[in-house]
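Only one structure is covered here, and it is reproduced in the block below.
The values are calculated or read from the model by the stated rules, or taken from the named source; none is laboratory data. Because the structure is predicted, anything quoted here is derived from the model rather than measured. Counting neighbours? That spans all protein chains shown, and the Cβs are built from the backbone with ideal geometry, glycine included. The area values use the complete protein model at the heavy-atom level, side chains included, leaving out ligands, DNA and RNA. Shrake-Rupley method; radii C 1.70, N 1.55, O 1.52, S 1.80 Å.
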Amino acid sequence: MMDKDQALEFLKKAVSLAAGLGYAVSLEGTRYCRTRFANNGIRQVESGTDEVLKIRLYDGKRAAEAATNELSDDAVAQAVKAAGDLLKAAAAD
């Protein structure tokens, strides 16, 4: 999981790709632990983390959102582009 400073730098990078549109970005991190039981016993334990970047763009009366849990620079750029493409195709609210 990212710490606070890493998350802030990451969000700044995502915002810089919004290219003059209105935006809202969020970075959500979760930790999970799953236990599978069978025949009165624990059979499997799984744990991990996941981080999801959500990008909402708006322009006047239209809005669109895209999300990615791949946090590479290319994946973030693709998510921002996807939100922009969806915004162009969106009907006015």
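If I filter the stretch 45-64 for residues that are open to solvent by less than 40 Å² (accessible area, probe 1.4 Å), in contact with a Cys (Cβ under 9 Å, 6 or more places away or on another chain) and small (Gly, Ala, Ser), do I get at least one hit?
yes
Kindly provide the set of residues from the stretch 12-26 that are free of Cβ contacts under 8 Å to residues at least 24 places away in the same chain and either surrounded by 12 or more Cβ atoms within 10 Å (Cβ to Cβ) or touching a helix residue (DSSP H, G or I) at 6+ places or on another chain (Cβ under 7 Å) (or both), ordered by number. Spell out the reasoning first.
First pass over the stretch 12-26, keeping only residues free of Cβ contacts under 8 Å to residues at least 24 places away in the same chain: 12, 15-16, 20.
Selection gives Val15 alone.
Name the residue, out of Leu71, Leu57, Leu53, that is within 12 Å of the chain's Cα centre (by Cα), in contact (Cβ under 8 Å) with a residue 12 or more places away in the chain and within 26 Å of Asp93 (Cα to Cα). Reasoning before the result, please.
Numbers: Leu71 fails: within 26 Å of Asp93 (Cα to Cα); Leu57 fails: within 12 Å of the chain's Cα centre (by Cα).
After applying the criteria, what remains is Leu53.
Six or more apart or on different chains, Cβ atoms under 6 Å: show the pairs whose first residue is in the stretch 32-45 and under 21 Å from Met1 (Cβ atoms) and free of Cβ contacts under 8 Å to residues at least 40 places away in the same chain and whose second is exposed (fewer than 10 other Cβ atoms within 10 Å of the Cβ) and hydroxyl-bearing (Ser, Thr, Tyr).
Cys33/Ser47
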